[in-house]
Amino acid sequence: MKKLFNLILIIAVFATSCSDEFLETIPTNEISDQAVFQSVEGAQTVIDGVLRDMRSQHGNEDQHDQFGVKAIDLCVDLMGEDMVVEKYHWFGADYRFENRTENDQRPLYAWTLFYRIIYNANEVINHIDDVASDSETLKADLKAQALTLRAYSYFQLVQLFQHTYSGHEDEPGVPLYTNATTEGNPRSTVSEVYTRITTDLSEAVRLFEESGLQQKHISRPALSVARGLAARVALVMEDWQAAADMASKARDGFSLMTAAEFSTGFDNYTQQNWMWGMEVNSEQSTTYASWFSHVDWTIGGYCGYGLSPKSFSLELFNRMDNSDVRKELVDTSFIESGRLIPYKFAAGNDKGFDADLVLMRPEEMLLIEAEARARIKDFTNAGKLLKELRDKRFDEPVSTSWPEETLLSEILLERRIELWGEGFRGFDLKRLKLGVNRTNSNHNPVVAKVMSLPAESEEFIYQIPQSEIDANSNIGEEDQNL
Amino acid sequence: MRNIILTFLFVALSISVANAQIKRISGSVTTSGTGVPVSGVSVVVKGTTLGTVTNQDGYYQLNLSGDSPVLVFSYIGMKTRELPVEGSILDVAMIPDNVDVDEVVVVAYGTTVKNQFTGSVSSIDGARLEQFQTANFTKALQGLSAGVLATSGSGQPGEDADIRIRGFSTFGDASPLVVLDGFPYDGSLSALPLSEIESVSILKDASATVLYGSRAANGVIIITTKSGTKGPSKLDLKVSYGISNRAIPDYDKVTVPEYYELQWEGIRNALVAGGTNPDDANSMASQQLISVLGGYNAYNVPAGEVVDENGAINPDAELLWNDSWQDQLFVTGQRKEVTINSSGGTDKTTYFLSGGMLDEGGIISASNLKRFSARANIKTQIRSWINAGINLSGSLSEQNYPVSSGSSYLNSFMFSGLIAPIYPVYLYNEKGEVQTDAEGNKLFDFGTGFDRARAFASNLNPLGTITHDKREYKKDVFTLRSFINFELAEGLSFNASVGADYFAYSGLTHQNMKYGDGQNFNGRSARQTNRMFSYTANQLLRYVTGFGGHSVNAMAGHESYSYKLNTLAATRSGFPFPELVELDAAAIPEKSGSSEDNYRLESYLVKVEYDYDKRFFASFNMRADGNSRFAENARWGSFWGMGLSWIISHEEFLQDFTALNLLRIKASYGEQGNDKVGSYYGYQGLYKTGVNNIDFPGILASRLPTPVLTWESLNSLNMGVEAEFLNRYSINFEYYIRNNSDLLFEKPLPPSTGFTSIDANIAELSNVGFDLELGGLILNAKNVVWNLDLNLGHFKNKIKELPQKSIISGNKLWQEGASIYDFWVEEFAGVDSETGKTLWRYTDADTGEKGVTTSYSKATRYYAGSAIPDLFGGINNTIKIFDFDLSVLLSFGIGGKVMDSGYQWLMHSGQYGYSFHRDILDRWTPENSQAIIPAIDGDSYTNRRSSRFLTDASYFNLKNISLGYNFPEAVISKLNLAGIKLKFTADNLALATARKGLDPQFSLDGSYGKVYVPIRTLSVGVDVQF
């Protein structure tokens, strides 16, 4: 009996009883999806997450060529002839058109990057109306930001994974999603994708106009950004009137940067009147995996250390006017060896790896408008616009008129010079149905491998990543690009 | 002298037991089976110091007193036997040590006699492990146990090896659960000194591991630390000193003149391929050679004349420098270890105390491990019906761990393995004069001096950086294992135990402000601290009973487990002085963060063991787990296992077969789980925080909700037969079928949905194989005893179900029917004898026809063999010659493939600044058109992944040799000591592989890159017992 008593006593002392909560655990550096869309602040947090993701380093820490949308911009520039890669290193394969097939890394990187933006933007778009908030204005503004980001992503995707709009409207574009799903969608046609983009942008413009809020930060899409994107899209769709109108409205309130401002290094949004850009600080910089690491000669990155220097094209250089301040920014000390050091992107003076990143500026809008006006034979205004820009770039006064037959090509040349290194040249080649010609310049055949390509070459198009084809029952090998 | 003492003792004893009956006993001692007399056998009356030794003829005699005395016969190499005295003659047959008749092994929640266990367990004696000169016991395991695959692990002192038990049971983390003294262990494995380990048990089948429930489907490794035994206090001091160097040499690489000639050829061929006419190409190549290599002219002739227009090195050129990165970067490591321990006990209390110090130097300067450790294990009988024990340990370690893996050029193995021989370690001017600083120290060449830009890893010099950088990890581990046990009634006891682990980690990474990556930031430091605390508390009722040949041993109880991890990390840059490394001094905040994770289990256990007449054995185990990793409705699961065993040799009908010492068959089956799903919050839809946009907080969707996600299941069947015969030989064969289903799989999603995968329990794998252990007493002469043990493992890993038809995982393709480590790569089809271009095979997608192509993007990928060896295991020799003990362990793997990336990188087609393997000398040239190595022409596809770099992974490793010398009794007693042993040990002494420079043991998946190679350690030691 005593033993039995012992037994009961002992077990009573030692037996631990666990409460129901014992097995309930929650993370501290993640938050459940239900908690996010309880407030407009929660939804804005998602937008800011996307904006940070657009300039984050991805892959493992040794992967230095995946740093968000500017990595893709660099690839787009390297598809062309205006930027010269001196040594084979990161982005060497992109420069050689060897990073575009279904098992290469680049198409998958671009694909996952933009579709991740789309997923998060969709979550905001689809949840924001149900968020309890007094302020319809805030909700409209948030939805417009998300729509702009979604349109931007689809626009980049469709340009990377298919030829230009014109003449390819019925060819397969990219799959469209406006809702969260785990089922893959088929490739929509190019025109369907552009319809989605233009619809989103019009809606974004409408909502931005309705809310009328000033954006708190250079990175957050605003009315001007939505209009600017609409202008870009219209240019590709060859809707010249819309391009001209939208571009003109988009840069409303933004002055062109002066020659002095142009020479400040493209590293600080407060100095250059950008419309859209990404601010970077030292905490959030991605150092060696960054735009400036790869193109800036003034800080110690892949370019600055000589591992993968990017030169300015000799052919383009020779076409520049000697009084052009942009030409003065190219150092010719090593021209004998084919090296032309561009100092457009120069963070060395006042910044470092925390240099800001440009996404859109009024000069591009001016050039869109000028090109569109020239296309619709409004040569007077086109010429005026070109002069407006050149006056800001040339030391000496510029001639006031250009022969009508050469005005368009002057504007397009101006576009190459002004927007050098901003992620346009490859897309412009596709849009203008031009090939690549790297001969008679300073491209080294050993490094470049591809010295020329015909217009609309399949090499300009990324293939759909193999992992998409493997997991998407609506996209098969037969849907693959050449 | 000894005899006088003995005589004195006899007299004293005779007096004290004057009333007891004194009788004389005698007998002879022989070897079982052979009948050879054994001299020098110690014969002691149990519980006393009274005893003698056998003479030349194996004869002994003793005077005895007291009731039913028991004699203990012991001899090196033989099993100790305890026999009751009945009558006046007691002849004894000693059984050689390799035949373990009644070996007791530690298993889940208790111990068992190995021959009676129905499941599968192998046990490694701590004394065997102690012969290895490593800080981490996992590095000793390969070759010691059948069916256990272990990698060689990083050579960095203190690092773990990867362990897999009986195949690869999941696509995720397939490493086994580690249990320390009865409780799952969450500390660092390198915190456990080998000298504190009594034994390591490896539980291999589900019936053995099921008591660990949802955590044990990958097998369990139980570490048991030493404890004291009743008897006089012993004191044991061990001191050892060793030196280490690379166990795996570097690849054979080209020399400086060869390098220049090869690169000349590459430039020239690339120019010709680009359309330049050959004569122009020749002279352009000579002109450009030095500049494309970054201006490094190692010769005393002008840059354009190093290699002439025929591609030959200038015969008048003399080298200005010829530094060896290998010689400069690698050092001889030194290893010093001191341990002291004491153990003993009275009738009521036993203790084991231990302290140790280890200082293990790596083979890169600034790579080492220092560890201080201590343990106290005390057990005591509080009342006749209460006993309790506490086992406390602490270990403080400090590791300096320079970058030694990954593709960072700071990785010394990467850097020295790939850098072209033309680049010097030290800074030389154009005349070849080495540059020095004000104090006369040689300056390092960072690849930028004298208008040069080294084509390889510019602005880096690992030797210059390592000495100024810091990568220092401190790991402090404290463990508690305690119990109190109440004997409540005959056979019924209640046991309450608590086990707790505390693991504090503090890491500092500092990039110096003067050189390398940190230069841009004026130095940068990252600090990380983690605090992990976990505990397990259990309450178990045990009941043992027996009736008429039946005996039952049962246990039931409750257990709860809680794990908590806190982390804090911060990085700052901008240091004012090079001496300062802590964050306070740095001006610029970079990133910082903290987190807490919790993981908990609540469980109920049942264990029943039954035997009949020590012939039939049956067991049944069950555990129910509630697991916090899963959603409420999917949280609870139960796991069970059962086994049967029959000792046939105990049956009447086999009693005449005296040659057969043991024959036993067994079978077991069980079902259990694996909860390692990568996340502690495996079911929730989540957004990750910290994705901030300047000053605005940001989050990003990181996980899709998976409310029905649950653990992986394992069904495991084990069948074994075990025999021992002629007292010399043993064989143990086990066959197993392991089916892993509901495998947690990152089911690929179309990346266009925004996620590349979603977790789901969908895949299925099987591992079918056998383990074979053979033991033999090869030689049993008077002064020479040689035991040989061989263990072999073989298994077939097979994917049985996948969420989609096929999934590419790196260079593997997962498909039903294939294994998880089947290579799927482009097939190398030789070299085009006309052009020297690589040929790859392809299959036309439409026609199915095969052909060859020179376009890599058109090449088809095919299955090209598996990374899994056909056979793996070890051969262990234990030889005793007079007073010497020698043990030799050979581990091996036969079959399987390894992707030799180290070699692949050296077989490029003219990548500037990168060295070449000497095999390149037999490349294609117009004169050598039948070569199987492609021409050098700058084509970056040449050395892309293909079957060309898949290499036979077979290896033989002379893993450990240990020679000990036991000082003879006469010397020891003069010194008033209990024993002295001198030891000489060699780890990783020799390795045979398909290619010099390759380590096929590096990984389980057949990958090999630039990593900290295993180290060879030679050491001497002395072990003094007081």
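The values are calculated or read from the model by the stated rules, or taken from the named source; none is laboratory data. Keep in mind it's a predicted model, so treat the numbers as computed, not measured. Counting neighbours? That spans all protein chains shown, and the Cβs are built from the backbone with ideal geometry, glycine included.
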| field | Residues of segment B:40-97 satisfying the condition of being under 43 Å from the mean Cα position of the chain (by Cα), buried (at least 17 other Cβ atoms within 10 Å of the Cβ) and not β-branched (Val, Ile, Thr) | value | B:Leu71, B:Phe73, B:Tyr75, B:Gly77, B:Met78, B:Lys79, B:Arg81, B:Ala93, B:Met94, B:Pro96, B:Asp97
| Residues (more than 11 Å from chain B (Cβ to nearest Cβ) and surrounded by 24 or more Cβ atoms within 10 Å (Cβ to Cβ)) located in segment A:277-291 | A:Ala289, A:Ser290, A:Trp291
| field | When residues of segment B:743-762 are limited to those that are more than 8 Å from chain A (Cβ to nearest Cβ) and hydrophobic (A, V, I, L, M, F, W, C), the one surrounded by the fewest Cβ atoms within 10 Å (Cβ to Cβ) | value | B:Ile762
| request: Can you tell me which residue among B:Asn960, B:Asn988 is within 26 Å of B:Asp162 (Cα to Cα), in contact with an Asp or Glu (Cβ under 8 Å, 6 or more places away or on another chain) and in a strand (DSSP E or B)? | output: B:Asn960
| message | Given (1) buried (at least 16 other Cβ atoms within 10 Å of the Cβ); (2) away from chain A (no Cβ under 14 Å); (3) assigned to a strand (DSSP E or B), identify the lone condition not met by B:Tyr687. | response | (2)
| Residues located in segment B:980-997, provided they are surrounded by fewer than 22 Cβ atoms within 10 Å (Cβ to Cβ), on the phi < 0 side of the Ramachandran plot and not β-branched (Val, Ile, Thr) | B:Lys981, B:Leu982, B:Lys983, B:Phe984, B:Ala986, B:Leu989, B:Ala990, B:Ala992, B:Ala994, B:Arg995, B:Lys996
| Which of the residues belonging to segment A:164-214 are in a loop (DSSP other than H, G, I, E, B), within 14 Å of another protein chain (Cβ to nearest Cβ) and of a type in the set (Ser, Thr, Tyr)? | A:Tyr177, A:Thr178, A:Thr181, A:Thr182
| task | Can you tell me which residue among A:Asp73, A:Asp77, A:Asp134 is surrounded by fewer than 20 Cβ atoms within 10 Å (Cβ to Cβ), on the phi < 0 side of the Ramachandran plot, acidic (Asp, Glu) and away from chain B (no Cβ under 14 Å)? | result | A:Asp134
| task | May I ask you to list the residues in segment A:109-131 that are closer than 17 Å to A:Thr199 by Cα, crowded, with 20+ Cβ neighbours inside 10 Å and away from chain B (no Cβ under 12 Å)? | result | A:Ile125
| message | Please pick out the residue among A:Gly184, A:Gly167 that is touching a Pro at 6+ places or on another chain (Cβ under 6 Å) and of a type in the set (Gly, Ala, Ser). | response | A:Gly184
| request: Could you tell me whether segment B:396-404 includes any residue that is modelled with pLDDT of 90 or more, closer than 21 Å to B:Tyr260 by Cβ and part of a loop (DSSP other than H, G, I, E, B)? | output: no
| field | Yes/no for A:Lys430 being over 30 Å from B:Asn269 (Cα atoms) and modelled with pLDDT of 95 or more | value | yes
| note | Scanning segment B:237-269 for residues that are away from chain A (no Cβ under 14 Å), more than 21 Å from B:Leu319 (Cβ to Cβ) and not in a strand (DSSP E or B) gives B:Ala247, B:Ile248, B:Pro249, B:Tyr251
| task | With the condition kept exactly as written, say whether any residue in segment B:445-455 is under 25 Å from B:Gly910 (Cβ atoms), in a loop (DSSP other than H, G, I, E, B) and polar (S, T, N, Q). | result | yes
| message | Looking at A:Phe97 and the list (1) more than 14 Å from chain B (Cβ to nearest Cβ); (2) touching a residue at least 24 places away in the same chain (Cβ under 8 Å), which single condition is not satisfied? | response | (1)
| remark: Among B:Ala191, B:Ala208, the single one that is over 29 Å from B:Val403 (Cα atoms) and of a type in the set (Gly, Ala, Ser) is B:Ala208
| field | Within segment A:333-353, tally of residues that are more than 16 Å from A:Ser263 (Cβ to Cβ) and more than 14 Å from chain B (Cβ to nearest Cβ) | value | 2
| said: B:Ser497 - would you say it is on the phi < 0 side of the Ramachandran plot and not in a loop (DSSP other than H, G, I, E, B)? | reply: yes
| remark: Picked from segment A:439-456 (must be surrounded by fewer than 18 Cβ atoms within 10 Å (Cβ to Cβ) and not hydrophobic (A, V, I, L, M, F, W, C)), the residue nearest to the other protein chains (Cβ to nearest Cβ) is A:Pro445
| field | Members of segment A:304-328 that are more than 12 Å from every other protein chain (Cβ to nearest Cβ) and out of contact with any helix residue (DSSP H, G or I) (no Cβ under 8 Å at 6 or more places or on another chain) | value | A:Ser311, A:Phe312, A:Ser313, A:Glu315, A:Asn318, A:Asn322, A:Ser323, A:Glu328
| field | Restricting segment A:390-408 to residues that are closer than 26 Å to A:Ala260 by Cα and hydroxyl-bearing (Ser, Thr, Tyr), the residue that is modelled with the lowest pLDDT | value | A:Thr400
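With the condition being within 14 Å of another protein chain (Cβ to nearest Cβ) and crowded, with 19+ Cβ neighbours inside 10 Å, I'd like the strands (runs of 3 or more DSSP E) fully within segment B:561-667 carrying at least 3 qualifying residues.
B:588-612, B:616-627
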| Applying the selection to segment B:792-808, what residues are more than 14 Å from every other protein chain (Cβ to nearest Cβ) and either closer than 23 Å to A:Ala471 by Cβ or charged (D, E, K, R) (or both)? | B:Lys796, B:Lys798, B:Ile799, B:Lys800, B:Glu801
| segment A:465-478 residues that are farther than 9 Å from B:Pro750 by Cβ and at the interface with another protein chain (Cβ under 8 Å from one of its Cβ atoms), paired with ones that are assigned to a helix (DSSP H, G or I) and aromatic (Phe, Trp, Tyr) (beta carbon under 8 Å, 6 or more apart) | A:Pro465/A:Trp111
| Take the residues of segment B:806-832 that are not hydrophobic (A, V, I, L, M, F, W, C) and not in a strand (DSSP E or B): which is modelled with the lowest pLDDT? | B:Gly810
| field | Set B:Asp316, B:Asp323, B:Asp327: member being part of a loop (DSSP other than H, G, I, E, B), away from chain A (no Cβ under 14 Å), under 43 Å from the mean Cα position of the chain (by Cα) and of a type in the set (Asp, Glu) | value | B:Asp323
| request: Return the total of residues in segment B:151-200 being more than 15 Å from the chain's Cα centre (by Cα), of a type outside the set (Asp, Glu) and assigned to a strand (DSSP E or B). | output: 6
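Restricting segment A:216-251 to residues that are of a type in the set (Lys, Arg) and away from every other protein chain (no Cβ under 14 Å), which is farthest from A:Val358 (Cα to Cα)?
So the residue we want is A:Lys249.
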